[in-house]
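Here the structure comes first, spelled out in structure tokens, and everything after it is commentary.
The values are calculated or read from the model by the stated rules, or taken from the named source; none is laboratory data. Being a predicted model, the structure only gives us computed values, none of them experimental. Reconstructed Cβ throughout: ideal geometry from the backbone, glycine too, with neighbour counts over all protein chains shown.
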Amino acid sequence: MLEPLINQYSDPLRSLDNIEDLVTVVSSHLENEDFLSVSEIFDHLRSPDRADLIDRLPSKHQLKLMNSLTPKTIGQIVGELKTSEAIQLSRHIEPQQLSLILDETRPDIAVDVLRGLSNEDRNETLSSMRDTFDLVPLLTYEDDDAGGLMTPEFMSLEEQMTVSDAIISIRNSLNEIDINEITYILVVDRNRVLKGGLNVSRLVTSSGHQLISEVMHPSLITVATDTDQEECARLMERYNLMTLPVTDEAGILVGVVKMEDMINIFQEEATEDMYKMVGVDEGEKILGPFWKSVRGRLPWLCVNLATAGLAALVITLFQSTLSQLITLAVFLPVIAGQGGIVGTQTLTLVVRSLALGEINKSEAKRLLIKELELGLVHGFILGAISGVVAYFWIGNEFLALVVGVAMLANLVIAGISGVILPFCLKAINVDPALASAVVVTTVTDIVGFIIYLGLATLTISLIIS
């Protein structure tokens, strides 16, 4: 059984479909403390598959697996995990063992893990590591700034080197830097001040006697250590950068932000915003621990229950109207549901655009006008459709008019609230994605009920005549 399952991992596409089967097999071996079979499986897996496998194992099996692997292997696995996953895994490892593992990872990854530990564990882990020269400065930067994202491991050349000397220098550095990491080379002066950069292709096609200063590109896009990660992402996307140099106040090159790390940031930011908008804990996994899912979702479900209660309270204010014509209740979910969808559509677009820096507060007025116009167009069309359906279904032209007007008004308000809410939250330094979908839905429900039942109350004598 084991050999066919392992052989499937020679094909990366097939391996993705069988990871759960492999988790079951490895869990069984770990339960029986058959570490030899586990080692045999790991020898056939690629690093991303190893990381995926270990992340899916129960905590008790993760600990057993940690004890059966070498620090170098675990270090490679940690490098493939998401930051939150790496931190969670590291919290179950003793500081002495963790120090050996982090010695085998890149400094930026090690720093991410260390930030997630308690002060006591962090200090104990740091004191046991071989080389913390690059780590300690990184710990002083904010996690979501360029300084916290960058890695101090990069290839640089001095501008007064000749091309021949530069190539020799690169060859001598291969023991310290992975050759696959050398795509774009930065150029500095004797004081480490950034002067320019050049591609490897430019270097190897230049004459050996030329100076690096003569063949480099002197104009580079750089960021300071305190530049926000979203701004770094925007620059790298706009200018198609694979690496983004980071300099201090004196212009000294201190690190680089790599596109591979930025992709993780894109994913984490998108996932975080998506989860926040619907009130799901960002650390929850679809097949993760049951009670963790309960703890993550229940608070927001309680909030939603409270907001739904407000909507129900609004309906009770119009009990006398509903008691005269119970048919009115038929269209309540239609009007509220349509408003909720429109509000969420607008909200999703605005939150995403704010996160990517595509819009700012100066454009709020123009966006508001656009959504108002969209609300009028959509409301008129959907209101007309709803009114026609109501007329042929119930046979009352006044009820059909109330349904149509209420639909129009609610869609206009839904679009406006989808714009105003995220801008207001951003103005008070609150994440616009923070369960804002719950608020928008509540607004559209309450306002939709008030408009619909209010109009029905005003025209009830005409409707029932």
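Quick check on the range 212-234: of everything there that is crowded, with 18+ Cβ neighbours inside 10 Å and not β-branched (Val, Ile, Thr), which residue is farthest from residue 359 (Cα to Cα)? Among them, the one singled out is 216.
Taking the range 35-95 and the helices (runs of 4 or more DSSP H) fully enclosed by it, the elements with 3 or more residues that are among the acidic types (Asp, Glu) are at 47-56.
If the condition is being of a type in the set (A, V, I, L, M) and within 17 Å of residue 129 (Cα to Cα), then the range 65-86 contributes 74, 78.
Has the range 155-165 got at least one residue that is over 29 Å from residue 103 (Cβ atoms), among the small types (Gly, Ala, Ser), surrounded by fewer than 19 Cβ atoms within 10 Å (Cβ to Cβ) and under 29 Å from the mean Cα position of the chain (by Cα)? No.
When only residues in the range 28-71 that are of a type in the set (D, E, K, R) and surrounded by 15 or more Cβ atoms within 10 Å (Cβ to Cβ) count, which is nearest to residue 97 (Cα to Cα)? The extreme case among them is 64.
From the list 294, 303, 246, 257, the one residue that fits, being more than 21 Å from the chain's Cα centre (by Cα), at pLDDT 65 or above and crowded, with 18+ Cβ neighbours inside 10 Å, is 246. Contact map, the range 14-26: first residue under 19 Å from residue 60 (Cβ atoms) and part of a helix (DSSP H, G or I), second residue of a type in the set (Gly, Ala, Ser) and at pLDDT 65 or above, Cβ cut-off under 9 Å, separation 6 or more or different chains; pairs are 25/37; 26/37. Filtered by the rule that a residue be more than 17 Å from residue 417 (Cβ to Cβ) and either surrounded by 15 or more Cβ atoms within 10 Å (Cβ to Cβ) or polar (S, T, N, Q) (or both), the range 367-381 gives a lone residue, 380. Only one of 336, 364, 390 is crowded, with 18+ Cβ neighbours inside 10 Å, more than 20 Å from residue 448 (Cα to Cα) and more than 23 Å from the chain's Cα centre (by Cα). Can you tell me which? Step by step, each of 336, 364, 390 is checked, and only 364 is crowded, with 18+ Cβ neighbours inside 10 Å, more than 20 Å from residue 448 (Cα to Cα) and more than 23 Å from the chain's Cα centre (by Cα). Residue-level check: of (1) assigned by TED's automatic domain parsing to the domain that holds residue 101; (2) surrounded by 13 or more Cβ atoms within 10 Å (Cβ to Cβ); (3) of a type in the set (Gly, Ala, Ser), residue 127 misses just (2).
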